[in-house]
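Worksheet for the structure shown next.
The values are calculated or read from the model by the stated rules, or taken from the named source; none is laboratory data. As the structure is a computational prediction, the values presented were derived from the model and not from experiment. Every residue, glycine as well, gets a Cβ built from its backbone with ideal geometry; the counts of neighbours run over all protein chains shown. With ligands, DNA and RNA removed, areas are computed over all heavy atoms of the protein, side chains included. Shrake-Rupley method; radii C 1.70, N 1.55, O 1.52, S 1.80 Å.
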Protein chains: 2
Amino acid sequence: MVAEQIDAPDPETLVSEAKAAFRDGALLSVQARCEVEYDGRTSGYLGPGDRLLVAKPDGTFLVHQPTGHKPVNWMPGGGTVSARVSDGEAVLLARRTNPTERVEARILDAHGLTRFDATDGATYEESGTEAEMHEYIESNPDVLEEGLRIVEHERESKYGFIDFFARDESGTPVVVEVKRIQATLNHFDQLQRYVSLYEERESSPQEGGVAAGNDEVRGMLVAPSASERVKRALRDNGLEFVGLSEFETDAKGATEAKLTDF
Amino acid sequence: MVAEQIDAPDPETLVSEAKAAFRDGALLSVQARCEVEYDGRTSGYLGPGDRLLVAKPDGTFLVHQPTGHKPVNWMPGGGTVSARVSDGEAVLLARRTNPTERVEARILDAHGLTRFDATDGATYEESGTEAEMHEYIESNPDVLEEGLRIVEHERESKYGFIDFFARDESGTPVVVEVKRIQATLNHFDQLQRYVSLYEERESSPQEGGVAAGNDEVRGMLVAPSASERVKRALRDNGLEFVGLSEFETDAKGATEAKLTDF
DNA sequence: CTGTCCATTTCGACG
DNA sequence: CGTCGAAGTGGACAG
């Protein structure tokens, strides 16, 4: 029996089933009218209503209202979930430390309970990430600018990693920051910080022969799009925006090439 | 009957129950071995394993593995969830547009199903947010510095919003950036950006009478704490850090005063 | 609608 | 264990 369901459990049954599920590492779902309290980084209270409660064997606890994508209250994995009867009502309590916080659901009326002895060895495989965008640019630097040469990928600097350190056709250094989504002011900040750092470094060369003029360092923000305000911030500070909306990994490109062969 | 449970439904039963739940605006939970595909902003695939599937009446669709706080796949509300039998297996499909994306769960083995006719009129009440920290500062500017006057809250500038624009005891402008959590380098970046802007503006006054010397603009980062690196960055750039860990809204303070009256 | 910024952000990688 | 940056970020709020 992988899943066991109990209809409208009374508080004692609910608590004993919950304890058994926690002990055995099963996933517990409860449909119930309840009220919820959170205390930790902030604090909050949710009055009585019907919700789906989920407790996972890793200590994750979720409170889902009938609408909305995010749980109204939750506890990440790593802590512990416990169950007890208090004042004749079942209470589920999720706690953790660092930071110290707790979610407590007082169950006023339990409509259903499911214990699920789930096993899942699969991991999610994703594609289309920023990492793949980097691969594409590394293989096709010309899409950013004719004649651009990538010198280093993920170059470490005092203030963080620079996505690409490159040189343009005339040898001028170019600091490149890549975003998979529309560029924000924070991304502009990042690029600005990196470029100013390189201006310092380039103006006082410590490794011989790599010197360049102080203002000769270019900064390039690559993203599918950017708001006018971001573009102006870049322009005002001598930085550049390059729109790059479409990209393909070599594998993906090869696949699509095949499809268009016909 | 608020919740209805079905044990190990066959594909046809699962699909007809799901359709009925979607039609009636009920919350549907399914414990099942399944494989999941996502296509949209990125794309991904999750091989067979046991998961909890949740479909809400607002179009929300969640796929939860036995561990982890976040759903491995999901669809926010606003779209539609549909069910069908395909190749003898039940399939749940969640779709939306803008952006166009889809999550498809192919159910290989359904262990349990619960339909929950949930009603929930309550809304979550939260306290301890950054908005409340702003209110506290606005009412008690002295906690930042003796004699500080708040001139404007959420002041819009060319490059973004400034939390507080203030003047110190001697009338020097102070740009204040507030963070509820430990300050990061990005927060320093933000403050730096705002201050540099005000230095420009103040040095070439367009609205008469507000002029001040170019270096007379102060920048203040307010947060419960900051790493040494952030503090040094601030110091090196002539900016200031103010630690503000405890704050209370008027209401909260009143409540706590009550409790300690006894 | 877009733009901007907060979030109990979470999550992962790296030093 | 802190720090930093990405996320299918989501969500609220203003223009």
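What the table shows:
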read-out: Antiparallel bridge percentage (DSSP; both residues within the protein assembly as shown; nearest 5); value: 85
read-out: Per-copy distances of the A:Glu12 label point, shortest first, in nm (7 angstrom along Cα→Cβ); value: 4.3
read-out: Rounded percent of accessible protein surface that carbon and sulfur make up, the stretch B:1-142, 1.4 Å probe; value: 45
read-out: Solvent-accessible surface (1.4 angstrom probe) belonging to A:His134, in square angstrom, nearest 10; value: 10
read-out: Amide H within-cut-off set for B:Lys70, under 5 Å, with H built and near neighbours excluded; value: none
read-out: Accessible surface, the protein assembly as shown, averaged per residue in Å² (probe 1.4 Å); value: 47
read-out: Long pairs among A:Lys56/B:Lys56; B:Lys179/B:Lys231; B:Lys56/B:Lys179, criterion Cα-Cα beyond 23 Å; value: B:Lys56/B:Lys179
read-out: Ranked order, A:Tyr38, B:Tyr198 - accessible area, probe 1.4 Å, largest first; value: A:Tyr38, B:Tyr198
read-out: Charge dipole (debye, nearest 20) of the protein assembly as shown; +1 at Cβ of Lys and Arg, -1 at Cβ of Asp and Glu; value: 520
read-out: Percent of alpha-carbon pairs separated by more than 33 Å within the protein assembly as shown; value: 56
read-out: B:Lys179 long-range amide H proximity, modeled H, under 5 Å; value: B:Val222, B:Ala223
read-out: Other copies of B:Arg167: label-to-label distances in nm, shortest first, labels 7 Å along the beta-carbon direction; value: 5.4
read-out: Number of partner chain Cβ atoms within 10 Å, mean per residue of B:64-77; value: 6
read-out: Solvent accessible area, Å² - A:Thr67, 1.4 Å probe, full protein context; value: 80
read-out: Antiparallel %, DSSP beta bridges [both residues in chain B], to 5; value: 85
read-out: Estimated FRET transfer efficiency when R0 is 60 angstrom, pair B:Asn186-A:Met1 (beta carbons, to 0.05); value: 0.75
read-out: Label geometry 7 Å along the beta-carbon vector: A:Arg84 inter-copy distances in nm; value: 5.2
read-out: Shape box of the stretch A:3-116 [Cα atoms, principal axes, largest first, Å]; value: 35, 30, 28
read-out: Solvent-accessible surface ranking, highest first, for A:Arg96, B:Arg51, B:Arg23 at 1.4 angstrom; value: B:Arg23, A:Arg96, B:Arg51
read-out: Calculated on alpha-carbon atoms, Rg and Dmax of the stretch A:109-171 in Å; value: 22.5, 74
read-out: Mean Cβ neighbour count within 10 Å, used as a protection proxy, ranking A:116-126, B:52-62 highest first; value: B:52-62, A:116-126
read-out: Karplus-derived 3J(HN,Hα), 6.51/-1.76/1.60, for each residue of the stretch B:93-110, Hz, glycine and proline x; value: 10, 10, 9, 7, 10, 6, x, 6, 7, 8, 10, 10, 10, 9, 8, 8, 7, 8
read-out: Size of the A/B contact, given as accessible area buried on both chains, probe 1.4 Å, in Å²; value: 5500
read-out: Nearest residue to the symmetry axis between A and B, taken on chain A by its Cβ, in whole Å; value: A:Asp189, 1
read-out: In Hz, Karplus ³J(HN,Hα) per residue of the stretch B:44-56 (6.51, -1.76, 1.60; θ = phi - 60°; x = Gly, Pro); value: x, 9, 10, x, x, x, 7, 9, 9, 9, 10, 10, 9
read-out: Distant-in-sequence amide H partners of B:Gly59 (H built 1.01 Å from N, under 5 Å); value: B:Gly78
read-out: Hz values of 3J(HN,Hα) by residue in the stretch A:173-186 - Karplus curve (6.51, -1.76, 1.60), Gly and Pro given as x; value: x, 10, 8, 10, 10, 10, 10, 6, 10, 4, 5, 10, 4, 4
read-out: Where Rh is the Kirkwood radius over Cα pairs, Rg/Rh for chain A; value: 1.19
